[in-house]
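The values are calculated or read from the model by the stated rules, or taken from the named source; none is laboratory data. Since the structure is predicted, the reported quantities are computational estimates derived from the model, not experimental observations. Methodologically, a virtual Cβ is constructed for each residue, glycine included, from the backbone with ideal geometry; neighbour enumeration extends over all protein chains shown.
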Amino acid sequence: MVSAAAATMALGADAPKKIAFARDNNTIWVANMDGSGAKKVASSGVDPYISPDGTAVAFNTEGKGTERYIAVVNLGTGRTQVFKDVPSNNAFGPIWSPDGSKLLFYIFVNNNWDIGLINADGTGYRVLKAGDGDSHSYFSACWMPDGQSIYCQDLANLYHMGLDGSIIKQWSLEKLCPGGDMDSSMRFAISADGKWMLMDVNSGEDPHRKDWDGPAPGVWIMDLRAETAKKLTPMFWWEPCWATADSYVCIGQGVKEKLPSIYLRSLDGKTHKLLVKNATDPSVSR
């Protein structure tokens, strides 16, 4: 296992690799993997997700009330396309497919959250998995590396799901992550070899932190072959995404910090390095 510093050097040698992130004033940014060269690419939006090839960032707009749409900004031209040819004006959380041809996202239809799927140019919308009519919805969607299936959760269970919405396998979250639970904001990320999944899990412990509302998240890792999970970090680390086979990017917030920041952490937990101060929602290009 390499150190976080070595991983950062390796990433720096790969020029196309970029990181996208959000600021708390609803602006979207892109920077080099080491945090340098930060540039604002959208002045109103949240939930950024950089494309695998690093040429575009998907996000959702922030409008009046619940009005929000999926949008994609081309980093070369600066042009932003807003996807309005969908059956709702309340959509959020885009996730690029591994080949950059499609986006998963969440869309509010018939009083339920569906997982939608759309082509990268805004055409071909369809429902991948609909809510079941009893406020039962699915969140934390992430792609398998082959682009043929996804993982997601419904607060009680983890699912491996086909692109037709069929359930390939499911696990009880209570049994998989003893002492923890999930909410609709949890993030999953699967390694490039399809063997490991990083995931947010809320701790059942009292966070003992002033001005912190609710449970505190930490990062866990699941061995998708052994079907077991274990905790990687203490509380107050969350929103993980893979950087290399041995390191990942996530956000962390110290006791005296008012806002979280983005860090590069090694899988063994021995090292971590600050990348971007006062930022959230990181995603990394391939």
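Listed conditions (1) crowded, with 17+ Cβ neighbours inside 10 Å; (2) over 15 Å from Ser283 (Cβ atoms); (3) under 18 Å from the mean Cα position of the chain (by Cα) are all met by Ala56, apart from (2). Among the numbered conditions (1) surrounded by fewer than 19 Cβ atoms within 10 Å (Cβ to Cβ); (2) in contact (Cβ under 8 Å) with a residue 12 or more places away in the chain; (3) in contact with a strand residue (DSSP E or B) (Cβ under 6 Å, 6 or more places away or on another chain), the only one that Arg187 does not meet is (1). Within the range 274-284, the set of residues being crowded, with 17+ Cβ neighbours inside 10 Å and either over 17 Å from Lys40 (Cα atoms) or among the β-branched types (Val, Ile, Thr) (or both) comprises Val276, Thr280, Val284.
Residues of the range 167-182 that are in a strand (DSSP E or B) and either within 20 Å of Pro207 (Cβ to Cβ) or free of Cβ contacts under 8 Å to residues at least 12 places away in the same chain (or both): Ile167, Lys169, Gly180, Asp181.
Which residues, counting only those in the range 28-41, are more than 23 Å from Ser184 (Cβ to Cβ) and either modelled with pLDDT under 95 or not in a loop (DSSP other than H, G, I, E, B) (or both)? Trp29, Val30, Ala31, Asn32, Lys39, Lys40, Val41, listed by residue number.
Within the range 34-46, one or more residues are in contact (Cβ under 8 Å) with a residue 60 or more places away in the chain and either closer than 24 Å to Met144 by Cβ or β-branched (Val, Ile, Thr) (or both).
Table: residues versus (1) within 18 Å of Arg187 (Cβ to Cβ); (2) under 13 Å from the mean Cα position of the chain (by Cα); (3) not acidic (Asp, Glu).
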site: Cys250; (1), (2), (3): yes, yes, yes
site: Val255; (1), (2), (3): no, no, yes
site: Ser261; (1), (2), (3): yes, no, yes
site: Asn278; (1), (2), (3): no, no, yes
site: Ser285; (1), (2), (3): yes, yes, yes
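Filtering the range 138-157 to residues that are surrounded by fewer than 19 Cβ atoms within 10 Å (Cβ to Cβ) and either touching a residue at least 60 places away in the same chain (Cβ under 8 Å) or over 16 Å from Gly100 (Cα atoms) (or both) leaves Leu155, Ala156, Asn157.
Regarding Val201, is this residue surrounded by 14 or more Cβ atoms within 10 Å (Cβ to Cβ), of a type in the set (Val, Ile, Thr), at pLDDT 95 or above and within 30 Å of Glu257 (Cβ to Cβ)?
yes
Scanning the range 59-75 for residues being loosely packed, with under 14 Cβ neighbours inside 10 Å and at negative phi gives a total of 4. Of the residues contained in the range 57-69, one or more are found to be more than 25 Å from Thr244 (Cα to Cα), at pLDDT 95 or above and part of a strand (DSSP E or B). Being in a strand (DSSP E or B), closer than 22 Å to Phe21 by Cβ and among the β-branched types (Val, Ile, Thr) is the filter here, so list the residues in the range 76-134 that pass it. Once the filter is applied, which keeps residues that are in a strand (DSSP E or B), closer than 22 Å to Phe21 by Cβ and among the β-branched types (Val, Ile, Thr), the range 76-134 yields Thr80, Val82, Ile95.
Looking at the range 206-270, the strands (runs of 3 or more DSSP E) lying wholly inside it that each contain 1 or more residues that are surrounded by fewer than 15 Cβ atoms within 10 Å (Cβ to Cβ) and touching a helix residue (DSSP H, G or I) at 6+ places or on another chain (Cβ under 9 Å) sit at 228-231. Residues in the range 60-101 that are in contact (Cβ under 8 Å) with a residue 40 or more places away in the chain and of a type in the set (D, E, K, R): Asp85, Asp99. Quick check on Met197: is it touching a strand residue (DSSP E or B) at 6+ places or on another chain (Cβ under 8 Å), hydrophobic (A, V, I, L, M, F, W, C), over 13 Å from Trp143 (Cα atoms) and not in a loop (DSSP other than H, G, I, E, B)? No, not satisfied.
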